[in-house]
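Below is one structure, written out as structure tokens; comments come after it.
The values are calculated or read from the model by the stated rules, or taken from the named source; none is laboratory data. The structure presented is a predicted model; accordingly, all values stated were derived computationally and were not measured. Methodologically, a virtual Cβ is constructed for each residue, glycine included, from the backbone with ideal geometry; neighbour enumeration extends over all protein chains shown.
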């Protein structure tokens, strides 16, 4: 059984695949925060701004088999005549590796999808994942040592960039932290962290600034 908060077709807004069409599959649940506000202060990850509880989102639901899950994802991909672009599914959460297993990976590959994941790095990445984005959180113990993108929310007192230099990645990104309680009409908090991230990237060129373009252009 797979529990999914939401599924939708959009453009990837971040990282190396920014601008690429993709189906997003947001699994429910996370191992670093319950998703309940009453637990936020004591959670390993205290700044998450994503709703990953329940199955009531757009395209969400429970899927009894990997084939049912793959079919639901396939139905969201348009039937383009252009076959040059391989369909992409981004498995995210919460923490997708709590649910994404070999059966689901095989079913998605059989359906023709390239599989990307967005994970916190505390669980081993299974075989068959085509693109891995690892986003470390707080004091959480990392088990992933190799990935395609290391995307670090910045700044985090317990997870500063120098802690993760031993992780082998094709791309190293700093993503300015956004206060989950911040009003959209008051961008000061975000801008302060954006300036800090820019300064760190300029001093440490391994790192690149990650901009959430989907929020800038107002897409899901």
* Going through the stretch 193-216 one residue at a time, which ones are surrounded by 13 or more Cβ atoms within 10 Å (Cβ to Cβ) and free of Cβ contacts under 8 Å to residues at least 12 places away in the same chain? -> 198
* Structure fact -> Checked the stretch 190-220 for anything assigned to a loop (DSSP other than H, G, I, E, B) and either at positive phi or at pLDDT below 75 (or both); matches are 217, 218, 219, 220
* Asked: Say we look at the stretch 85-94 and pick out the residues that are in a loop (DSSP other than H, G, I, E, B) and either in contact with a strand residue (DSSP E or B) (Cβ under 6 Å, 6 or more places away or on another chain) or free of Cβ contacts under 8 Å to residues at least 60 places away in the same chain (or both); which of these is surrounded by the fewest Cβ atoms within 10 Å (Cβ to Cβ)?
  -> 86
* **Selected residue (only one of 49, 56 is touching a residue at least 60 places away in the same chain (Cβ under 8 Å) and farther than 30 Å from residue 85 by Cα)** => 49
* To do: Test residue 111 against the stated conditions and say whether it is more than 20 Å from the chain's Cα centre (by Cα) and more than 21 Å from residue 134 (Cβ to Cβ).
  => yes
* To do: Report yes if residue 29 is touching a helix residue (DSSP H, G or I) at 6+ places or on another chain (Cβ under 9 Å) and at positive phi, otherwise no.
  => yes
* strands (runs of 3 or more DSSP E) completely within the stretch 124-189 that count 1 or more residues being modelled with pLDDT under 95 and surrounded by 12 or more Cβ atoms within 10 Å (Cβ to Cβ) -> 168-176
* Structure fact -> Checked the stretch 107-123 for anything surrounded by 15 or more Cβ atoms within 10 Å (Cβ to Cβ), outside any loop (DSSP other than H, G, I, E, B) and out of contact with any strand residue (DSSP E or B) (no Cβ under 8 Å at 6 or more places or on another chain); matches are 107
* Structure fact -> For residue 98, the lone unmet condition from (1) buried (at least 18 other Cβ atoms within 10 Å of the Cβ); (2) under 13 Å from residue 26 (Cβ atoms) is (1)
* Out of (1) within 21 Å of residue 168 (Cα to Cα); (2) not in a helix (DSSP H, G or I), the odd one out for residue 97 is which? -> (2)
